[in-house]
Every structure is written in C-alpha cells, then in structure tokens.
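All remarks here apply to the structure that follows.
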Amino acid sequence: MKNIITQWILLMLTGCILVTANLTQAAQELNLMPIPEQVVQTHSSFRLDEQFTALVQGNPDNRIYEYTTNTLRRLAGRTGLFLPQDFITRSSKCEHPRMEINVQRPGKVELGEDESYQLLVTETAVTLNAATDIGAMRGLETLLQLLDADEKGYFFHTVEINDRPRFPWRGLMIDACRHFMPVDMVKRNLDGMAAVKLNVMHWHLSEDQGFRVECNTFPQLHLQGSDGLYYTQAQIKDIIQYAANRGIRVMPEFDIPGHATSWLVAFPELASAPGPYTIERKWGVFDPTFNPTIEATYTFFDRFFAEICTLFPDDYMHIGGDENSGKQWDTNPDIQAFMQANNIKDNHTLQSYFNGRLLAILEKNHKKMVGWDEILHPGMPKSIVIQSWRGRESLIDAARQGYRTILSNGYYIDLMQPTAFHYLNDPMPADMPLTDQEKQCILGGEATMWAEYVSPETVDSRIWPRTAAIAERLWSPGTVRDLADMFRRLNITSFRLEELGLTHIKNHDMMLRRLTNNQDIVPLQTLVELLEPVKIYTRGAQRDYTSYSPLTRVVDAAIADAPVAREFCELVDNYLAEPARGEHSAEILKQHLQIWKDNHDKLLPVIKTSPILAEIESLSLDLANCAAIGLTALDNIGQHKRPDKKWLDEQLSILKQAGAPRAQTELMVIPGIEKLVRYTAGH
Ligand code: ACM
C-alpha cells in the first residue's frame, strides 16, 4: 500500500512537473507581452495567406472597424502579403471570413470597463470573442503577437487564450511641460500603449516651466505661460479621440497649488508672494504657489475648471498637489493670519483646505479628484484617488484608510533604472499586508515619464521598451515574474513597437551619426551600448541644466539597462558558476573583451574630429584597459593560474577608476570584469 501511495505521489509530482514544464515551454515559444491570464497552446499553426479576411459581428462601437483595418495593415506590412480587404466597416460583407470578431456591446472608455477577450486560433480559423470592442482590441494585439514565420511562410501559433487584466488602471504619464511633446509624439506613444494593453494616458499639462493647454476663459495662461508651445483645443480633442479609439482614457493633470510658476506669469495676484513671475527655465522644486486663502483663487479655478472639465471627458481630473515648498505660505503674514483665524495648524492642513475647495469645484463639474500622495489627508473624502510616488507606504496607507490608489513609486522611468527593478515592483505583491477589502482599493499603477532630460527625439527611448515590462506587471497574473523570459520577450516586443512609428531604436543611430559628424558609427556604438546614463537624480546634480540645454550628447544616446552590458554580466555569472564546463561561454566573453580592447584605437580618430565626443575619450580608453584585464583574468581561470594579492589590488584599483561616471554615463561592464578578476585571485 505504502508503495502504491509513494508511486502515486511520484506520479502526481511528475505530472505537475510536466505541466509546469509545458507551461514554461509554451511561454518560451510564444512571444506574448503581456502574458495572458490563461494560454493553452495546441502546437500547430494557422497559415496566413492572401485569402485572409476578417469579419466583425455583434454590436461594437465603430472604432473596432478601424482597429481591425489597422490590424490587417500591420499584418500586411510585416508579411508583404497583399491582403484583399480595404477599409472594414459595419456594412462590409465577407463570405468566408478566416477571422471572426464577435463583440457584444460598445465599450466605455472609463475605469473598470470590461477588457477581457477570448482568442481561439485553430489551423483553419481565428475566432475572437469579447464583451466589448475594447476587449476585442486587446485580443487583436495578442493575435499580432502570435505571428511567426518559418520556411513555409507566415503563421499564427494555434492557441486558446482567455485573458483579462489584473488591474483596471494601467497608465503612462507623459510630462509635456518640462519639454513640450508634439502631437505626433503623443499619438505614436498611444499606439505603443495599446500594443501592450495600457489603458490610461495621464497627461501632465501644467508646470513651473509651461502651461500647455489653450484656455479660452483665460487665454493669458497659454499665451504668456507657454512660449507658444501648447496644445490647441482641437489638438486635444483629436488626441482624446485617438486614445479612445484605442480604448485608452486620457486623464489630464493641472498641477496646483505648487509647481505653478507658469500660471502665475499671467496671474501674479493669485500667488502667495508678490510677482512678477517668469516661466521657469531650470529644474527642481520652486516656491511660486497659489494663495489658498483668497476667494479670487477659487473664483479663478471655478471658471477654469468649468471649461477644462468639458474639454476632457474622463471622469478623473488630476490636480497634482506634489512638492509644495510652502515657503511663500510661511512668509506671507495674511496667510499666517488666515491659518490662525481658521485654526489651520500647518501647511499640509492648509493644502488640504485648498484641495477641499477644489474638490467642490470638480464635483460640480462631475469629476473625481486624483492627486499625488501629498493630498492624502484624513479630512479628504474617500472619493479621491491617491497616486503613490514618494514611497509605496503611501499606497498601503491610502488603501488602509479606504482611499483608492495607484502606484508610481518604482515606475519612474525617467530615473533610468533597470527594467528588472520596475518589472518586479508589484502594486500588490503576494505578501501585501492588507485585508481583501483594502486590496480592492489598489487600482493599478502608472509609469511616469518626467521630461527634464528628454526631448521629442529621445523620449521614446526612455519610455520603451521598459514600459512594456511595467505593462506586463499591471496586466498579467502576479505569478509571471521570470526575468530571463521577460527579457527574451521584451527584445521582440521592443522591435515590434517600431512598426507604430516609435523612435526608440531608430533615433539611436541617427544620434550617433550626428555625434560623429557622419563618420563610421560602429566604434562609438560599441562603447555607447555599454554605457548607461547616471541614475536617479544624479544627472541634474552633476551639471546645471535648463529647458534649453542640448539633449544630444552621448548620455542622451545611451539607454537604461544597456542590453549588451547586461548580457555580458549575466554570461560572466553563468560562466563562473561552473568554469570547467563553460568553454563556450568563455569563448563568447573573450570575443566581447577582444572587441572592446581594440575599440579605442578605432574610436580615437573619430573622437579627435568630433569635439562633442571629447568627454568620452577617457571612458573609451578605460574600456580598452578593463577589457585587457578581463582577458587576462579569463586566461588565468582557463589555465588555473592564481595571481597574487598585489595583482588583484592593482586591477581592482584600475576597475574602480573606470567605474567612475563621466559624460554623465557609467560603464556597465565593470562589475562583470571585476567578478572575473576576483574569481581568478580567489576572492
Ligand atoms: C512628482 O514626482 N513630483 C510627483
């Protein structure tokens, strides 16, 4: 009996292992991002040919016809197949459709709408079922990700997918203030968002450095506060429609009472200290702040939001609320007297009073208030939404107090941190210390693209591909956390995003051509792909930037999470885990190191004729020297030589110097080389 039970347990265990292995296998074969909730792979193929046609049935919103048409154009673009259908409309006829899209009802572009879908791909047909056309759009993106090719042609992997998002609020914040972002930038990024199933564009539209919306009630705002760089109302409506056609909400942010210099250029009388004010050109936290103690402020916002709440149809209005320095409040005797008279004990409470007054205005205009975590104050009603940015504690605090909340702490893509860091940052990890009811308050998260150090030319390379990894965190089950598989799929996702006009890959070479004045870019490329911009807030600390500083240097061409450096360091780890069996790894490591050792001689003449590159000359030389050290270390390991402590100390000292940032970048292969050196010396 015991034997039978043991055998049975063994059988079950083996079964589990097989199932797990199959799932891993399936995930590895498919290049889906975000990974759907349920995927059953049936290991065959639907062959794509020039008979491929689509039919949309049911009761969708009209936008699904345009989305389906675009899907066909993208398929045709990738495959070169002359697909037979023109624009697909509600009245399009299709005799023998190869793809059927069945939609029950028009989706509403609002928080919590049903985005689920079911996608069945067999050898002979594609069937996509969804409650709403927004769910159908998510399914069409999955279908596009199932496209593959072999010697026989293009095909979709056969699958049965049941999918829906883990969180209802999955956003990207675009700061269009520090540097203005043209309509084209916004649209191509909306396309990218739709491709990875994000559903909120949070549009940061007012700041110390610019007021970016045409305002009819107070035209002075955009005329005096924007240097002429603002969105017309027609452009805003166009963008909102463009987003809605992709099932994406547009939530505007007007950041008050601090971060408000550009408003006060035209309305100094609403400030808490006498003007005049000019548009801010630097980065940081500045003092100009609305005066929350005068009625004129609320009369102004009453009229402002009456117009703006009509312009933006989303249910939610973000009022910022972050980083109010409070200095103007501290030094204004009238404000101090107001606080005393009204028993307001500190600036936080005064800001909460201001928020309460604004809330009444927003509610009158049928909006719900969203703000950065500074707006969390016990006096505020539970209808407001808290965006956690200073630490994830504010997310937990908010949820515990019954406020709905979204996470941005850990998703600050402007800080140039690694993809893995963002990817593993979960709004609701398995050990989240909240009750089930409190967990309901966590709506999701948003990546934030603050624009101090990006221009329209570089911004895509900061957003993508890392935001695709964040999108997966917000859509896929929390158990999807395999980094190696994520990076494999991210590579493919990144390249696919290019078909939407995103410039994160193609602008790189263009920038290198400009940096080298159209000389051979390969040696520069070899160095730059090992560099990362300095992280967190170091860039601004190392050099004074203004809104008109160039963003065309090597640091701007370098990207976060430099893939070649990351792969090198991973390979070092794999090799050192078992050097005796790592001949192949050693060979690849040597090839890399040899190229880097030789690169300086090739790059130096380019640097000498491109003054903008002078700042990287020592980095280039250091790379060559460190690569030589790495080669020696590898040889030693291969030949079981153990150098002495003196050698080790000398090499470590050279590596340490080479690791120092220059040109606002860091050489990311140093840690890998250091591991080789320490290993060979037995440390
Ligand atoms: C913020 O990053 N100041 C919200």
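The values are calculated or read from the model by the stated rules, or taken from the named source; none is laboratory data. Model, not experiment: these values are computed from the prediction. For neighbour counting, all protein chains shown are included, and Cβ atoms are generated from backbone atoms with ideal geometry for every residue, glycine included. Quick note on the areas: whole protein, heavy atoms, side chains included, nothing else; ligands and nucleic acids left out. Shrake-Rupley method; radii C 1.70, N 1.55, O 1.52, S 1.80 Å.
Looking only at segment 160-175, which residues are surrounded by fewer than 24 Cβ atoms within 10 Å (Cβ to Cβ) and touching a Pro at 6+ places or on another chain (Cβ under 9 Å)?
161, 162, 164, 165, 166, 167
Being more than 17 Å from residue 387 (Cβ to Cβ) and of a type in the set (Val, Ile, Thr) is the filter here; which residues of segment 405-440 pass it?
Listed by number, the residues that qualify are 419, 435.
Report whether or not residue 488 is more than 16 Å from the ligand (Cβ to nearest atom), in a loop (DSSP other than H, G, I, E, B) and either open to solvent by less than 40 Å² (accessible area, probe 1.4 Å) or farther than 22 Å from residue 386 by Cα (or both).
Judged against the criteria, residue 488 is not a match.
For residue 273, all conditions in the list (1) over 29 Å from residue 240 (Cα atoms); (2) crowded, with 18+ Cβ neighbours inside 10 Å hold save one; what is the number of the exception?
(2)
With respect to residue 280, determine if the residue is surrounded by fewer than 23 Cβ atoms within 10 Å (Cβ to Cβ), more than 30 Å from residue 192 (Cα to Cα) and touching a residue at least 60 places away in the same chain (Cβ under 8 Å).
yes
From (1) part of a helix (DSSP H, G or I); (2) in contact (Cβ under 8 Å) with a residue 12 or more places away in the chain; (3) over 28 Å from residue 187 (Cα atoms), pick out the condition that doesn't hold for residue 481.
Condition (1) is where residue 481 drops out.
Taking interchain pairs and intrachain pairs at least six residues apart, which have beta carbon atoms under 6 angstrom, with the first residue in segment 388-409 and at pLDDT below 95 and the second within 12 Å of the ligand (Cβ to nearest atom) and in a loop (DSSP other than H, G, I, E, B)?
Pairs found: 391/409; 392/409.
Give 142, 132, 124 a once-over and let me know the one that is open to solvent by less than 30 Å² (accessible area, probe 1.4 Å), of a type in the set (Val, Ile, Thr) and farther than 21 Å from residue 316 by Cβ.
Sole residue among the options that is open to solvent by less than 30 Å² (accessible area, probe 1.4 Å), of a type in the set (Val, Ile, Thr) and farther than 21 Å from residue 316 by Cβ: 142.
Restricting to segment 410-431, what's the tally of residues that are free of Cβ contacts under 8 Å to residues at least 12 places away in the same chain and either within 13 Å of the chain's Cα centre (by Cα) or assigned to a strand (DSSP E or B) (or both)?
Residues that pass the stated criteria total 1.
Can you tell me which residues in segment 630-683 are within 14 Å of residue 618 (Cβ to Cβ) and of a type in the set (Ser, Thr, Tyr)?
665, the sole residue that qualifies.
Hey, residue 282 hits all of (1) within 36 Å of the chain's Cα centre (by Cα); (2) more than 16 Å from the ligand (Cβ to nearest atom) but one; which does it fall short on?
Condition not satisfied by residue 282: (2).
What residue, of 443, 434, is of a type outside the set (Lys, Arg), outside any helix (DSSP H, G or I), within 25 Å of residue 490 (Cα to Cα) and more than 16 Å from the ligand (Cβ to nearest atom)?
443
Restricting the search to segment 82-105, which residues are surrounded by fewer than 16 Cβ atoms within 10 Å (Cβ to Cβ) and assigned to a loop (DSSP other than H, G, I, E, B)?
82, 84, 86, 87, 89, 90, 91, 93, 95, 96
Check 346, 322, 314 and return the single one that is within 35 Å of the chain's Cα centre (by Cα), open to solvent by less than 70 Å² (accessible area, probe 1.4 Å), at pLDDT 95 or above and away from the ligand (no atom under 16 Å from the Cβ).
314 is the lone residue from the list that is within 35 Å of the chain's Cα centre (by Cα), open to solvent by less than 70 Å² (accessible area, probe 1.4 Å), at pLDDT 95 or above and away from the ligand (no atom under 16 Å from the Cβ).
May I ask you to list the residues in segment 417-431 that are within 16 Å of the ligand (Cβ to nearest atom) and open to solvent by 10 Å² or more (accessible area, probe 1.4 Å)?
Residues satisfying the conditions are 417, 425.
Quick one: which helices (runs of 4 or more DSSP H) sit completely within segment 583-683 and have at least 3 residues that are open to solvent by 70 Å² or more (accessible area, probe 1.4 Å) and out of contact with any His (no Cβ under 7 Å at 6 or more places or on another chain)?
583-608, 645-658, 670-680
Within the bounds of segment 201-211, is there any residue that is surrounded by fewer than 21 Cβ atoms within 10 Å (Cβ to Cβ) and either closer than 21 Å to residue 468 by Cβ or touching a helix residue (DSSP H, G or I) at 6+ places or on another chain (Cβ under 6 Å) (or both)?
Taking every residue of segment 201-211 in turn, none turns out to be surrounded by fewer than 21 Cβ atoms within 10 Å (Cβ to Cβ) and either closer than 21 Å to residue 468 by Cβ or touching a helix residue (DSSP H, G or I) at 6+ places or on another chain (Cβ under 6 Å) (or both).
I'd like to verify a number: residues in segment 73-96 that are in contact with a strand residue (DSSP E or B) (Cβ under 6 Å, 6 or more places away or on another chain) and at pLDDT 95 or above, how many?
Result for segment 73-96: 1.
So how many residues does segment 556-578 have that are closer than 11 Å to residue 531 by Cβ and of a type in the set (Val, Ile, Thr)?
Residues that pass the stated criteria total 2.
Among the numbered criteria (1) surrounded by 23 or more Cβ atoms within 10 Å (Cβ to Cβ); (2) on the phi > 0 side of the Ramachandran plot, which single criterion is violated by residue 227?
Unmet condition: (1).
Can you tell me which of 469, 447 is farther than 20 Å from residue 179 by Cβ and touching a residue at least 12 places away in the same chain (Cβ under 8 Å)?
Answer to the selection: 469.
Considering only residues that are surrounded by 23 or more Cβ atoms within 10 Å (Cβ to Cβ), within 12 Å of the ligand (Cβ to nearest atom) and of a type in the set (Gly, Ala, Ser), which ones fall in segment 383-407?
Residue satisfying the conditions is 388 alone.
When you check residue 457 against the structure, is it within 16 Å of the ligand (Cβ to nearest atom), assigned to a loop (DSSP other than H, G, I, E, B) and either touching a helix residue (DSSP H, G or I) at 6+ places or on another chain (Cβ under 9 Å) or not acidic (Asp, Glu) (or both), yes or no?
Here the answer is no, as residue 457 does not meet what is asked.
Testing residue 452 on (1) of a type outside the set (Val, Ile, Thr); (2) more than 22 Å from residue 558 (Cβ to Cβ); (3) open to solvent by 20 Å² or more (accessible area, probe 1.4 Å), one condition comes back false. Which one is that?
(2)
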